[in-house]
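Peer 1: Handing you a structure now.
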Amino acid sequence: MTKLLTTTAVVALTANVGIAQAQEVVNVYNWSDYIAEETLAGFTAATGIQVNYDVYDSNDTLEARMLAGSSGFDVVVPTGNYLQRQIAAGVYQPLNRELLPNLANMDPHLMELSAAFDPENAHAVVYLWGTTGIGYNLAAVRERLGDDFEVNSWSMVFDPETASKLADCGIAFLDDHTEILPPALRYLGLDPLSTDPADLEAAVAMLETVRPSLRYFHSSQYISDLANGEICVAVGWSGDILQAAARAEEAGNGIEIGYAIPDEGANLWFDMMAIPADAPHPEAAHAFINYMMDAEVAAANTNYVQYPNANAASTPMIDAEVLDNPSIYPSAAAQANFWTLQPHNARTDRLISRLWTRLRTGQ
């Protein structure tokens, strides 16, 4: 995979580095398995700023830290719908665009789409984006469902008869109601963004019919478990599934992992880099975000973690096999069926929380 070439990154670094160097440290809180191996070292080599890096695997974990305040983080990476309500709660400070000259590298269309969560992109910029679909072990699925079975529908995991045939080899769902309830609603022919209590009850009732066939709910464990054959199917994030496929290939264990965007549609999401309102090192935070928008840095991250970025200038440096992979960069036909999540009001949040707990615990 393409690695970060820090020499060019140093050349591309901007004037804000001098300000940030005085602060010497930046505290970053990001998703697990979500950055190229040499990115942090490249940033420190280019700026002299040390990075304290911590990870999480759910938006709820991040939100709890942010709403509690005094997190100590300088840069965090919430998904768009969570970002939107956190902005309303005053969690993030506006960006200083003068310290972010690499904003010029960003794709205007994708930034416009992400502005639905953050008007005028005032508080955040897109880090990476992707879809939520189905990852699967080709051999295990064919053995149980037949060589002619096509993984092209949410019925694979939402139809109890089909799911029961896969139960012995293991099905995992993301531990995130925002990623599971919308496709369940769409599968039932309902609006994936519906907040109607009757619709949400119907979606959970349907999911409860497949609950006995599920191995677990988790938002990161499925990567290694798919790669080593511990499970055979996962509802997961596109890049994570492709990472699992790469790990299996590197291990030479004979496991082949596929990823499918169901025909009924899928969630299109944006993960956004933002600076907490009480960040202890805001100048260093801007330097870090600006560095991540360097075209070469963005390409290296995409090549490594297998998620698309919103950095138009990076496209010539992205590996051809990544750009040409419809699991990473979906076709226009697939995109026509995508939806983008929106935040809920407090009453809907309480209902969904109760329903999700009922589903997860089986009680």
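The values are calculated or read from the model by the stated rules, or taken from the named source; none is laboratory data. This structure is a prediction, so every number in the text was calculated from the model and none was measured. Neighbour counts run over all protein chains shown; Cβ positions are idealised from the backbone, glycine included.
Peer 1: I'd like the full set of residues that are surrounded by fewer than 24 Cβ atoms within 10 Å (Cβ to Cβ), assigned to a helix (DSSP H, G or I) and not hydrophobic (A, V, I, L, M, F, W, C), limited to the range 203-242.
Peer 2: Within the range 203-242, E208, T209, R211, P212, S213, Q221, S224, D225, N228 meet the criteria.
Peer 1: Of all residues being surrounded by fewer than 24 Cβ atoms within 10 Å (Cβ to Cβ) and hydrophobic (A, V, I, L, M, F, W, C) in the range 276-286, which is farthest from N27 (Cα to Cα)? Just the residue, please.
Peer 2: Quick first cut of the range 276-286, residues surrounded by fewer than 24 Cβ atoms within 10 Å (Cβ to Cβ) only: 277-283.
Subsequent filtering for residues that are hydrophobic (A, V, I, L, M, F, W, C) retains 277, 279.
Details: A277: 14, A279: 9 Å.
Looking at the filtered set, the residue picked out is A277.
Peer 1: So if I check each of D57, D74, which one is of a type in the set (D, E), closer than 21 Å to P282 by Cβ and surrounded by 14 or more Cβ atoms within 10 Å (Cβ to Cβ)?
Peer 2: D74
Peer 1: Also, I was wondering about something else. Taking the condition under 20 Å from Y136 (Cα atoms), without any contact (Cβ under 8 Å) to a residue 24 or more places away in the chain and assigned to a helix (DSSP H, G or I), does A248 pass?
Peer 2: Details: under 20 Å from Y136 (Cα atoms): yes; without any contact (Cβ under 8 Å) to a residue 24 or more places away in the chain: yes; assigned to a helix (DSSP H, G or I): yes.
Yes; evaluated as a whole, the condition is true for this residue.
Peer 1: Show me the helices (runs of 4 or more DSSP H) found entirely inside the range 97-163 where at least 1 residues are more than 30 Å from V210 (Cα to Cα). Give the derivation first.
Peer 2: Numbers: elements: 108-114, 138-145, 155-158.
Result: 108-114.
Peer 1: Okay, next question. Restricting to the range 31-77, name every residue that is within 18 Å of the chain's Cα centre (by Cα) and in a loop (DSSP other than H, G, I, E, B).
Peer 2: Residues satisfying the conditions are S32, D33, Y34, I35, A36, E37, D57, S58, V77.
Peer 1: Among (1) at pLDDT below 95; (2) closer than 28 Å to S238 by Cβ; (3) surrounded by 20 or more Cβ atoms within 10 Å (Cβ to Cβ), where does T2 come up short?
Peer 2: The single condition T2 does not satisfy is (3).
Peer 1: Wholly within the range 280-363, which helices (runs of 4 or more DSSP H) include no fewer than the required count, namely at least 3 residues that are touching a residue at least 12 places away in the same chain (Cβ under 8 Å) and outside the structural domain of V51 (by TED's automatic domain parsing)?
Peer 2: On the way: elements: 282-292, 295-305, 320-323, 332-335, 346-361.
Of the helices (runs of 4 or more DSSP H) lying wholly inside the range 280-363, those with at least 3 residues that are touching a residue at least 12 places away in the same chain (Cβ under 8 Å) and outside the structural domain of V51 (by TED's automatic domain parsing) span 346-361.
Peer 1: What number of residues within the range 176-197 are of a type in the set (F, W, Y) and modelled with pLDDT under 95? Walk me through it before giving the result.
Peer 2: Of all residues in the range 176-197, those of a type in the set (F, W, Y) come to 187.
Imposing the further condition that a residue be modelled with pLDDT under 95 reduces the set to none.
Residues that pass the stated criteria total 0.
Peer 1: Quick one: count up the residues across the range 20-30 that are polar (S, T, N, Q), out of contact with any strand residue (DSSP E or B) (no Cβ under 7 Å at 6 or more places or on another chain) and outside any loop (DSSP other than H, G, I, E, B). Let's see the steps before the verdict.
Peer 2: Our first condition is that a residue be polar (S, T, N, Q); within the range 20-30, this holds for 21, 23, 27, 30.
From what is left, the residues that are out of contact with any strand residue (DSSP E or B) (no Cβ under 7 Å at 6 or more places or on another chain) are 21, 23.
This time we only want the ones that are outside any loop (DSSP other than H, G, I, E, B), so: 21.
So the count comes out to 1.
Peer 1: Right, another one. Looking at the range 78-96, which of its residues are polar (S, T, N, Q) and not in a loop (DSSP other than H, G, I, E, B)? Spell out the reasoning first.
Peer 2: Taking the range 78-96 as the starting set, the residues that turn out to be polar (S, T, N, Q) are 79, 81, 84, 86, 93, 96.
Listed by number, the residues that qualify are T79, N81, Q84, Q86.
Peer 1: Of the residues G258, G252, G265, which single one is at pLDDT 95 or above, touching a Gly at 6+ places or on another chain (Cβ under 9 Å) and more than 21 Å from H123 (Cβ to Cβ)? Talk me through it step by step, then tell me what you get.
Peer 2: Working: G252 fails: touching a Gly at 6+ places or on another chain (Cβ under 9 Å); G265 fails: touching a Gly at 6+ places or on another chain (Cβ under 9 Å).
Just one listed residue meets the conditions, G258.
Peer 1: So which residues in the range 185-202 are hydroxyl-bearing (S, T, Y) and either more than 12 Å from F158 (Cβ to Cβ) or assigned to a loop (DSSP other than H, G, I, E, B) (or both), if there are any at all? If you could, list the steps in order and put the result at the bottom.
Peer 2: Narrowing the range 185-202 to residues hydroxyl-bearing (S, T, Y): 187, 194-195.
The answer is S194, T195.
Residue-wise test of (1) crowded, with 18+ Cβ neighbours inside 10 Å; (2) of a type in the set (S, T, N, Q); (3) at pLDDT below 95.
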{"position": "V11", "(1), (2), (3)": "no, no, yes"}
{"position": "V17", "(1), (2), (3)": "yes, no, yes"}
{"position": "V25", "(1), (2), (3)": "no, no, no"}
{"position": "W31", "(1), (2), (3)": "yes, no, no"}
{"position": "E37", "(1), (2), (3)": "no, no, no"}
{"position": "Q50", "(1), (2), (3)": "no, yes, no"}
{"position": "Y53", "(1), (2), (3)": "no, no, no"}
{"position": "G69", "(1), (2), (3)": "no, no, yes"}
{"position": "P101", "(1), (2), (3)": "no, no, no"}
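Peer 1: Still on this structure: Could you check the range 296-324 and list, in sequence order, the residues that are among the small types (G, A, S) and within 15 Å of the chain's Cα centre (by Cα)? Walk me through how you get there before you give the answer.
Peer 2: Of the residues in the range 296-324, the ones among the small types (G, A, S) are 298-300, 310, 312-314, 320.
Once the filter is applied, which keeps residues that are among the small types (G, A, S) and within 15 Å of the chain's Cα centre (by Cα), the range 296-324 yields only A310.
Peer 1: Still on this model: I need every pair where a residue in the range 138-153 that is in the same structural domain as L242 (by TED's automatic domain parsing) has its Cβ under 8 Å from the Cβ of a residue that is surrounded by fewer than 16 Cβ atoms within 10 Å (Cβ to Cβ) and among the charged types (D, E, K, R), sequence separation at least 6 or different chains.
Peer 2: The qualifying pairs are L138/E256; A139/E256; R144/D168; F149/R142; N152/D263; S153/D263.
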